[in-house]
1. Dividing the convex hull volume of the Cα atoms of the chain by its residue count, what figure in Å³ per residue is obtained?
2. If you stretched the chain out fully between Arg94 and Ser58, how much longer would it get, using 0.36 nm times the residue separation minus the C-alpha to C-alpha distance?
3. Summarise the long-distance tail of P(r) for the stretch 1-52 by giving the % of C-alpha pairs beyond 18 Å.
4. Considering the dipole of the chain built from charges on the beta carbon (Lys and Arg +1, Asp and Glu -1) around the Cα centre, which of Ala7, Ala59, Leu37 is farthest to its positive end?
5. Using a Gaussian network model of the chain with C-alpha springs under 10 Å, which one of Ile63, Ile55, Ile85 is most mobile by mean-square fluctuation?
Amino acid sequence: MSAKLDALARHRAELVAKSDRQRQELADHFAQVERPLHLADTGIRLVRTLRAHPILISAIAAIVGKIFAGRLGFIQRLGAWPARIMTAWQLFTRVRSAFTQPR
């Protein structure tokens, strides 16, 4: 009986050692991809935030426009076209939503 218990104890020790090695290998592999995964996660959260709060995009654009006003003179040459494009987009989305609502 003692030989059987000794064999089981050795086998258990081997399994524990193998588990430790595998755990360390997994940690090493994860360390290689941890930073890219973190950056991707941050990017996804940023996109979700911007989609949930579209006014932030306008605020960011206004701030960038104010900061770089002298270097972004080509935007001023656009004249009323940005307002026309925005009006057309709003009209398009309202018409589309009117036709796609379930009846």
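Every read-out reported here was derived from the displayed coordinates using simple, explicitly stated rules and does not represent laboratory data. Here the structure is a predicted model, which means the values were calculated and not measured. Every residue, glycine as well, gets a Cβ built from its backbone with ideal geometry; the counts of neighbours run over all protein chains shown.
1. 207 Å³
2. Values: separation 36, 0.36 × 36 = 12.96 nm, distance 2.01 nm.
Here the answer is 11.0 nm.
3. 62 percent
4. Looking along the dipole axis, the top candidate is Ala59.
5. Checking each option, the largest mean-square fluctuation is seen for Ile85.
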